[in-house]
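Working notes, structure below.
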Amino acid sequence: MLSISSTLREKVSQPLKIGSVEVKSRVLQSPLSGVTDLVFRRLVRRYSPNSMMYTEMVSATEIHHLKQLPRLMEIDPNEQPISIQLFDCRPDFMAEAAQKAVGEGAKTIDINMGCPVNKITKKGGGSSLLRQPEIAENLVKEVVKTVDIPVTVKTRIGWDDNEINILEFAQKMEDAGASMLTLHGRTRAQGYTGNARWEWIKKVKKILTIPVIANGDIFSVEAAINCLEITGADGVMCSRGTLGYPFLVGEIDYFFQTGKELIKPTSIERLECAKEHLKGLWEYKGKRGIYQARKHLSWYCKGFIGASELRDKVSRIETVEEGYFLLDKAMKLINNN
Ligand SMILES: Cc1cc2nc3c(=O)[nH]c(=O)nc-3n(C[C@H](O)[C@H](O)[C@H](O)COP(=O)(O)O)c2cc1C
């Protein structure tokens, strides 16, 4: 039985206020490059209709140079609330991209200041902004000045263990006009290894007045409760826990809203979902969608007999039919056992 303090129970039943935007859920689906496209978000939203979701990160420089907006920014008119996440280090490009994001229907603009990937940090974006707080501050100020919707920041606790500067950095972001801060409790050097250090999220929550969202290692309802009890944060953002499991955000939100635990999906239900995910990617992206579906399908394959064999096979599919065949066969086998 999961337990939750009365203070937390009260807090999570209230809407989350991100500047002028009110969101009915305090569980957010994180931006995940290569994952949180329109097809994936549709699945997550089925189980958590009120949650804030994020597009994959989009380069403001690319938006500036391309004639057409990247497909990553495409939003289904029915999917709200949604935020478009941008990365860059040029305030002018960022402001221009933010305006275009508003045109696409974004409810908020999120600025990525946490991506650890070399290709991004070398160009001054993502987590390298933690080392350039003045540039980060200018980015936020410029975007806040340009658009009427709330501007939020997602970052890490610092560059490495010798440079944990999140307290000063977070304060700077708030002072620059950010309406919410999502904090991944790891340094850039940690990548995705080691534990997320929620104690830093607690420290940041104590000094900011804008909402602070806790991110890192939220893999279950229990983790979400623990994290909020420890940090006092205003909400949680789920990331890797949703890979091959678009049910997680909904499971946490359901517990927050009702105090009851949802029954977990069966292996068959997860594979049905995998099939739907594959179909969606095929219809939306064609052949490229099939290649992208390979990793998604393999993430769905766990927790049943024959899962590892199936994982191997789905990660090599060439056609949608091949995927359907493998998934149907696996479901039949599970049914017969
Ligand atoms: C495959 C993958 C793609 C990611 N893409 C993004 C991204 O586009 N923007 C972003 O802010 N963070 C991105 N992240 C970081 C996550 O949003 C999150 O901060 C991180 O995974 C920590 O949470 P977790 O421990 O629950 O996974 C990505 C992480 C992964 C694993």
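Brief remarks follow.
- For region 267-335, the solvent-accessible area works out to 52 Å² per residue, with a probe of 1.4 Å and every protein chain left in place.
- Straight-distance candidates among the aspartates and glutamates for linking to residue 295, with alpha-carbon spacing under 12 Å and chain neighbours fewer than 8 residues away dropped: 312.
- Think of the chain as a dipole: +1 on every Lys or Arg Cβ, -1 on every Asp or Glu Cβ, centred on the Cα centre; then among 280, 64, 151, 280 lies furthest on the positive end.
- Test item: Cα-centred dipole of region 85-237, Lys/Arg +1 and Asp/Glu -1 on Cβ, debye: 260
- Rounded, prolate or oblate (a/c below 1.5 giving rounded, otherwise prolate when a/b exceeds b/c) for region 173-289 by Cα gyration tensor: prolate
- Surface composition of the chain: carbon and sulfur make up 51 percent of the accessible area, probe 1.4 Å.
- Across the chain, the convex hull enclosing all Cα atoms gives 133 Å³ per residue.
- Backbone phi angles across region 175-183, fed through the Karplus curve with coefficients 6.51, -1.76 and 1.60 (θ = phi - 60°), yield HN-Hα couplings of 5, 6, x, 5, 9, 6, 10, 9, 10 Hz in residue order; Gly and Pro are listed as x.
- Under-5 Å amide H pairs with residue 110, H placed in peptide plane, nonlocal only: 84, 85, 86, 152
- Building the convex hull from the alpha-carbon atoms of region 1-136 and averaging its projection over directions returns 10.3 nm².
- Structure-based [θ]222 nm, the chain - -39500 (n - 2.57) summed over DSSP H runs of at least 4, per residue, nearest 500: -14000 deg cm²/dmol
- Per-residue ³J(HN,Hα) for region 26-35, Karplus 6.51 cos²θ - 1.76 cosθ + 1.60, θ = phi - 60°, Hz, x for Gly and Pro: 9, 10, 10, 9, 6, x, 9, 4, x, 10
- Between helix 221-231 and the chain there is an angle of about 10 degrees, using the helix long axis and the longest principal axis of the Cα atoms.
- Phi-derived couplings, Karplus 6.51 cos²θ - 1.76 cosθ + 1.60 at θ = phi - 60°, listed residue by residue for region 123-129: 8, x, x, x, 5, 5, 5 Hz, with x used for Gly and Pro.
- Summing Cβ point charges (Lys, Arg +1; Asp, Glu -1) relative to the Cα centre of region 267-335 gives a dipole of roughly 240 debye.
- Of the residues 196, 296, 228, the one whose Cα sits farthest towards the positive end of the charge dipole of the chain is 296 (charges of +1 on Lys and Arg Cβ, -1 on Asp and Glu Cβ, taken about the Cα centre).
- Principal-axis analysis of the Cα atoms of the chain puts helix 91-104 at an angle of about 50° to the longest axis.
- Listed residues 80, 310, 54: farthest to the positive end of the dipole of the chain (Cβ charges): 310
- Remark: the chain carries a charge dipole of roughly 520 debye about the Cα centre, counting +1 on each Lys and Arg Cβ and -1 on each Asp and Glu Cβ.
- Cα convex hull of region 267-335, projected area averaged across orientations, nm²: 3.7
The values are calculated or read from the model by the stated rules, or taken from the named source; none is laboratory data. These figures come from a predicted structure and were not determined experimentally. Counting neighbours? That spans all protein chains shown, and the Cβs are built from the backbone with ideal geometry, glycine included. The protein model used for the area step is the full one, side chains on, heavy atoms only, and it has no ligands, DNA or RNA in it. Shrake-Rupley method; radii C 1.70, N 1.55, O 1.52, S 1.80 Å.
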